Ligand SMILES: [Zn+2]
């Protein structure tokens, strides 16, 4: 993870002033959504900014509900970071609202975690000493 990209973020930008940051997160959600549909999960997925959230963060909404934590606008500065963070948020939202472990490693029947491998966002399984299942957006 390119942590130096975050270190110099002293103040948080806003989606209103920097719509490009929102566009990066929307694109990341489109990529993650492929994995959601690949596992047969239906229901609308989108990003929202709830009125009550005065930090102006992006929240993943699934079937009209949201859960967990918002994603700060600065996440959109790096498309790779955005992909991992959106994948995390989608996972948390779906597991809470659909009562389903998603996504799952078919070999080990374990829940996957989004992470980094060779500067790409991937889904990893902790079974058998950890292995990479697929890039985010390309689950079989
Ligand atoms: Zn596995």
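Just so you know, all these numbers are worked out from the coordinates, no wet-lab data involved. These numbers were taken from a predicted model, which means no experiment stands behind them. Positions of Cβ are backbone-derived with ideal geometry, glycine not excepted, and every protein chain shown enters the neighbour counts.
Compared with the alpha-carbon gap, the fully stretched path from residue 51 to residue 69 is longer by 5.0 nm at 0.36 nm per residue. Where the centroid of each part is defined by its Cα atoms, how far is segment 15-40 from segment 57-98 in Å? Answer, in whole Å: 9.
Volume per residue, Å³, of the convex hull around the alpha-carbon atoms of the chain? Write down the numbers at each step before the final one.
Numbers: hull volume 14.8 nm³, N = 140.
Convex hull of Cα atoms, per residue: 106 Å³.
Rounded to the nearest 10 degrees, the inclination of helix 19-38 to the longest alpha-carbon principal axis of the chain is 20 degrees.
Modelled spin labels at residue 23 and residue 96, positioned 7 Å past Cα toward Cβ, are 3.0 nm from each other.
Helix 79-97 versus the longest principal axis of the chain: what angle, 0 to 90°, nearest 10, using Cα atoms? It works out to around 70 degrees.
Between rounded, prolate and oblate, where does segment 67-126 land on the alpha carbon gyration tensor, with a ≥ b ≥ c its root eigenvalues, rounded for a/c under 1.5, else prolate if a/b exceeds b/c? Here segment 67-126 falls in the oblate category. Using the Cβ-Cβ distance between residue 11 and residue 78 with R0 = 25 Å, the FRET efficiency computed as 1/(1 + (r/R0)^6) comes to roughly 0.90.
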